Amino acid sequence: MFEPKFTITAKLLENVKKIGIMVSDLNKRHFSKLTLVKMERTAREVSAHSSTSIEGNPLCLTDVKKLIQNRPENLRDTEKEVLNYNEALGFLNNSIKDNIVSFDEELILTIQKKVILGLIDIYNTGKLRTKPVFVNDPRIGKTIYLPPDHQDVKYLFKDLITFVKKNKNHFDPLILAGIFHKQFVIIHPFIDGNGRTARLATKVLLANMGLNTFNLFSFENYYNQNVTKYFEYVGIRGNYYDLKDSIDFTSWLEYFTDGIIDELHRVTKLLEHEIISPENILKDYHKKMIDFINKNGMITNSDYSRLTKRAKATRNLDFNKLIDLKLIKKHGKGKNTYYKLKD
């Protein structure tokens, strides 16, 4: 049975306490639906960019935002990586919201399949590896880590999932998520997509820490700020079998919780800015438009004219504002134009 070695240091204990206070404070506050929709969209964009950037994807955040909003027909592999991660994240967010997610082997395999689909041989998607892998450092062009033999992967993988399930009510969610993250990377259970899968699966465990606005956060963002530092803490160097009995998770857990605090600070500031930002305030006539679409499925310029009696020029401004906020989408042309809520 997997039994991780770690020490609850003064720093780690202080981090866990601080996160608890910050989470409690956020949960006491109320944010408008508009703010939450905008922030969740931003979080997914930042996560998709950060997590793929960690693995060497060259697309910048601006390119990622454009790609997610307007998916081209012919995709390059770098674009597939981003879109795959975004879709996997959306799948997990919805599953967590609907309380239908179960942290088990099937979930992990599903995540890996989603992040790697169309990028490697189909026979290696959603399946544990059946051959050796090596972890290289591209800076020096040398192998720095030899993961467990593929014959041992299935046992180690199942053992880690069992550990998580067994300790769900005994470990703080932060500690449990951090231990899972590092041990998963150490096992390296897949031919490809290990890092992305580890970060997405960790987000599922972090959702249990009681943060109501969890889907607004991009914990991958912290790692992407200093990728070298992230790899130093999350990985190990050498041969797994020489190191497995001496691995200590303490420094990683301190770094891991530092990252959560950093992201909590970042998003709290953004939420405060969104609340006071005048361009995000919806007037009564905007709300009437959205309510009408919710009831009828769509709205036309004529519908809106009868609904609010606003002049044509101001009606156009109203439509454009909600389009800019990505709350509605324009369909059709000319007299056949209508508007629907954006998916």
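When you scan segment 151-170, do you find a residue that is assigned to a loop (DSSP other than H, G, I, E, B) and over 26 Å from A10 (Cα atoms), even just one? The answer is no; no qualifying residue exists.
Is at least one residue of segment 197-218 of a type in the set (F, W, Y), at pLDDT below 95 and either outside the structural domain of N94 (by TED's automatic domain parsing) or buried (at least 16 other Cβ atoms within 10 Å of the Cβ) (or both)? The answer is yes; a qualifying residue exists.
Does V133 qualify as being among the hydrophobic types (A, V, I, L, M, F, W, C), in a loop (DSSP other than H, G, I, E, B) and assigned by TED's automatic domain parsing to the domain that holds E106? Before the answer, list the steps.
Numbers: among the hydrophobic types (A, V, I, L, M, F, W, C): yes; in a loop (DSSP other than H, G, I, E, B): yes; assigned by TED's automatic domain parsing to the domain that holds E106: yes.
It is true that V133 is among the hydrophobic types (A, V, I, L, M, F, W, C), in a loop (DSSP other than H, G, I, E, B) and assigned by TED's automatic domain parsing to the domain that holds E106.
Just to be sure I understand, how many residues within segment 282-309 are surrounded by 13 or more Cβ atoms within 10 Å (Cβ to Cβ) and assigned to a loop (DSSP other than H, G, I, E, B)?
Residues of segment 282-309 that are surrounded by 13 or more Cβ atoms within 10 Å (Cβ to Cβ), as a first pass: 282, 285-286, 288-290, 292-293, 298-301, 303-305, 307-308.
Narrowing further to those that are assigned to a loop (DSSP other than H, G, I, E, B): 282, 298, 300.
Total meeting the criteria: 3.
V133: under 25 Å from I247 (Cβ atoms), touching a residue at least 40 places away in the same chain (Cβ under 8 Å) and among the β-branched types (V, I, T), yes or no? Walk me through it before giving the result.
Working: under 25 Å from I247 (Cβ atoms): yes; touching a residue at least 40 places away in the same chain (Cβ under 8 Å): yes; among the β-branched types (V, I, T): yes.
Yes, satisfied.
Would you please name the residue that is nearest to F214 (Cα to Cα), looking only at residues in segment 158-181 that are surrounded by fewer than 20 Cβ atoms within 10 Å (Cβ to Cβ) and among the aromatic types (F, W, Y)? Applying the filter and picking the extreme gives F171.
The set of residues from segment 186-218 being assigned to a helix (DSSP H, G or I), touching a residue at least 60 places away in the same chain (Cβ under 8 Å) and among the hydrophobic types (A, V, I, L, M, F, W, C) comprises I186, L200, A201, V204, L205, A207, M209, F214, L216.
I need the full set of residues from segment 244-272 which are in a helix (DSSP H, G or I) and either touching a strand residue (DSSP E or B) at 6+ places or on another chain (Cβ under 9 Å) or on the phi > 0 side of the Ramachandran plot (or both), in order please. Talk me through it step by step, then tell me what you get.
Let us first name the residues in segment 244-272 that are in a helix (DSSP H, G or I), namely 250-272.
Of everything in segment 244-272, just one residue is in a helix (DSSP H, G or I) and either touching a strand residue (DSSP E or B) at 6+ places or on another chain (Cβ under 9 Å) or on the phi > 0 side of the Ramachandran plot (or both), namely T250.
Picking from residues in segment 148-181 that are among the β-branched types (V, I, T) and farther than 22 Å from F231 by Cβ, the one that is farthest from the chain's Cα centre (by Cα) is T162.
The values are calculated or read from the model by the stated rules, or taken from the named source; none is laboratory data. Keep in mind that what you see is a predicted model, and the values were worked out from it rather than measured. So basically every Cβ, Gly included, is an ideal-geometry build from the backbone, and we count neighbours across all protein chains shown.
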